[in-house]
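Taking it in order: structure first as structure tokens, then the write-up.
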Amino acid sequence: IVQNDKLNGVVVDKNIAWLIDELPALSIAMSIANGQSIVKNAKELRVKESDRISIVVDNLKLCGISYTEFDDGYEINGGETLHKATVNSHGDHRIAMSFAVAGLLCGMDIEDTQCIETSFPNFNDILNSLKA
């Protein structure tokens, strides 16, 4: 049995190396969770395919979410409603896919999505099947 429930803010500051690729998607969940969520000790996010810290929080801001950016992470003020926006992935497949999932909640226009083909060629087919 699968049930939904309210999400609550979390602090992610340990074992960051295990989550480096998942943090863009977790940030979408943090944005709709009740309360504040904090990511710390994640400076490596600045040197992945893109500066994932700045790009994620800047795109969340376009969606109506407030945040504080740190050198090694960010704090997201969750519990708000995501708003449709035009966001840019900056060629980072993890960011493109994360905001595409956010689009299930509010719609989303994502620039630079061809990068998704690199890691998950049938992502859009699967995502579209969820909308049906």
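Within the range 122-132, how many residues are open to solvent by less than 30 Å² (accessible area, probe 1.4 Å) and touching a Leu at 6+ places or on another chain (Cβ under 9 Å)? Don't jump to the end; show me each part of the working.
First, pick out the residues of the range 122-132 that are open to solvent by less than 30 Å² (accessible area, probe 1.4 Å): 123, 127.
This time we only want the ones that are touching a Leu at 6+ places or on another chain (Cβ under 9 Å), so: 127.
The total comes to 1.
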Do you know which residues across the range 111-121 are in a loop (DSSP other than H, G, I, E, B) and either of a type in the set (Ser, Thr, Tyr) or open to solvent by less than 40 Å² (accessible area, probe 1.4 Å) (or both)? 113, 115
Is there any pair with a first residue in the range 1-12 that is within 12 Å of residue 32 (Cβ to Cβ) and a second that is at pLDDT 95 or above and loosely packed, with under 13 Cβ neighbours inside 10 Å whose Cβ atoms are under 7 Å apart and which are 6 or more apart or on different chains, and what are they? 6/34; 7/34; 8/34; 9/34
Of everything in the range 89-110, what is open to solvent by 40 Å² or more (accessible area, probe 1.4 Å) and either touching a helix residue (DSSP H, G or I) at 6+ places or on another chain (Cβ under 7 Å) or among the aromatic types (Phe, Trp, Tyr) (or both)? Give them in sequence order. 90, 94, 101, 104, 110
Looking at the range 1-54 only, could you name the residues that are open to solvent by less than 20 Å² (accessible area, probe 1.4 Å), in a helix (DSSP H, G or I), closer than 22 Å to residue 116 by Cβ and β-branched (Val, Ile, Thr)? 28, 53
Pull out all pairs, ordered by first then second residue, where Cβ-Cβ is under 9 Å, the residues are six or more apart or on different chains, the first lies in the range 53-76 and is within 15 Å of residue 13 (Cβ to Cβ), and the second is of a type in the set (Phe, Trp, Tyr) and open to solvent by 20 Å² or more (accessible area, probe 1.4 Å). 53/70; 74/67; 75/67; 76/67
Restricting attention to the range 65-79, and to residues there that are open to solvent by less than 40 Å² (accessible area, probe 1.4 Å) and part of a loop (DSSP other than H, G, I, E, B), which single residue is farthest from residue 41 (Cα to Cα)? 65
Sort out which residues of the range 80-110 are part of a helix (DSSP H, G or I) and among the hydrophobic types (A, V, I, L, M, F, W, C), and write them in order of number. 95, 96, 97, 99, 100, 101, 102, 104, 105, 106
Within the range 83-130, count every residue that is on the phi > 0 side of the Ramachandran plot and within 13 Å of the chain's Cα centre (by Cα). 0
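The values are calculated or read from the model by the stated rules, or taken from the named source; none is laboratory data. Quantities reported herein were computed from a predicted structural model and do not represent experimental measurements. So basically every Cβ, Gly included, is an ideal-geometry build from the backbone, and we count neighbours across all protein chains shown. Quick note on the areas: whole protein, heavy atoms, side chains included, nothing else; ligands and nucleic acids left out. Shrake-Rupley method; radii C 1.70, N 1.55, O 1.52, S 1.80 Å.
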